[in-house]
1. Which ones in the stretch 141-164 are at pLDDT 95 or above and touching a strand residue (DSSP E or B) at 6+ places or on another chain (Cβ under 9 Å)?
2. So which pairs qualify, if the first residue must be in the stretch 96-124 and at positive phi, the second must be assigned to a loop (DSSP other than H, G, I, E, B) and at pLDDT 95 or above, the Cβ gap must be under 8 Å, and the two must be at least 6 apart or on different chains?
3. Hey, among 127, 98, 200, 148, which residue is in contact with a helix residue (DSSP H, G or I) (Cβ under 7 Å, 6 or more places away or on another chain) and more than 19 Å from residue 45 (Cβ to Cβ)?
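The values are calculated or read from the model by the stated rules, or taken from the named source; none is laboratory data. Only a predicted model underlies this, so the values are computations on that prediction, with no experimental measurement involved. Cβ placement follows ideal geometry from the backbone for every residue including glycine, while neighbour counts extend to all protein chains displayed.
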């Protein structure tokens, strides 16, 4: 949900190989289970896992093991089918529940209507939403210049398909406003620069917009350091203070070399307590793209894991100098990861 953020490889040795794509999707769930993730929504762009048009005919014909490669005949449905098979097998074996978000890519508008078709046709197999990802640019024109994505997201809303948009990681705060007002975004990927415009930030609070934050990657990309806000603190600290809805995510661990547990440790070092992390997990559940009944089951599962009799969104105090030790609070037995991108081409095969 992504190497700056949600950067998808245009070609990898695994592109076009359905068996390997399925295996990597399966191993993705294995990795999530090791992190005690209860539920995740993984996102990717199927077109980026098709065979590259830059390959020579001989490269297309010969597979790594010397067998005939039929990848050149693969279509996006084959890619998605392989991913869904791997995820379903992993979910059955390891217990972590997973659903899929499909990404439209900025600069590749020719893929967007097909992405929408896949979202609609594979809804019953676990595709729960549509995303707009890719290089955002620094000017608002780069966000709104394509009318294709706008039309696609408008159609997605009419069809009842959930929507999230990458915005305000490097673009100005108005990009979040456009994502919400024009694209009907229910969640925002990253969104850090929203703090540069207090009016837009207030609008997000009033609309209960959920932010998918990835602490480590936001520093690796340099976007937090370049904020023009008076304070150079990470925006997640302001989100916590203001009780804004956010979830904690690990972005792409194959590129950031971090896992969800590393993100938690980093946030603890900044002063967030286990109470803040717990609240973020329940906010993630509440803003997940699951159907209502499945969402209720997920929240019930978290309540049981945390030992809660009842959960409500009461304000949680925040202080960067808090003396509360994480060990004094309920341990996070189960977590949620909303913007964890599937990068089959960059994932190691063991």
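1. Answer for the stretch 141-164, where residues must be at pLDDT 95 or above and touching a strand residue (DSSP E or B) at 6+ places or on another chain (Cβ under 9 Å): 152, 153, 156, 157, 161, 162, 163, 164.
2. none
3. Of 127, 98, 200, 148, the one residue that is in contact with a helix residue (DSSP H, G or I) (Cβ under 7 Å, 6 or more places away or on another chain) and more than 19 Å from residue 45 (Cβ to Cβ) is 200.
Here is a yes/no grid of residues against (1) in contact with a strand residue (DSSP E or B) (Cβ under 6 Å, 6 or more places away or on another chain); (2) in a loop (DSSP other than H, G, I, E, B):
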residue	(1), (2)
84	no, no
88	no, no
99	yes, no
110	no, no
115	yes, no
132	yes, no
135	no, yes
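To keep it simple, each residue is scored yes or no on (1) crowded, with 21+ Cβ neighbours inside 10 Å; (2) in contact with a strand residue (DSSP E or B) (Cβ under 7 Å, 6 or more places away or on another chain); (3) closer than 21 Å to residue 245 by Cα; (4) at pLDDT 90 or above.
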{"residue": "257", "(1), (2), (3), (4)": "no, no, no, no"}
{"residue": "260", "(1), (2), (3), (4)": "yes, yes, yes, no"}
{"residue": "265", "(1), (2), (3), (4)": "no, no, yes, yes"}
{"residue": "296", "(1), (2), (3), (4)": "no, no, yes, yes"}
{"residue": "312", "(1), (2), (3), (4)": "no, no, yes, no"}
{"residue": "338", "(1), (2), (3), (4)": "yes, yes, yes, no"}
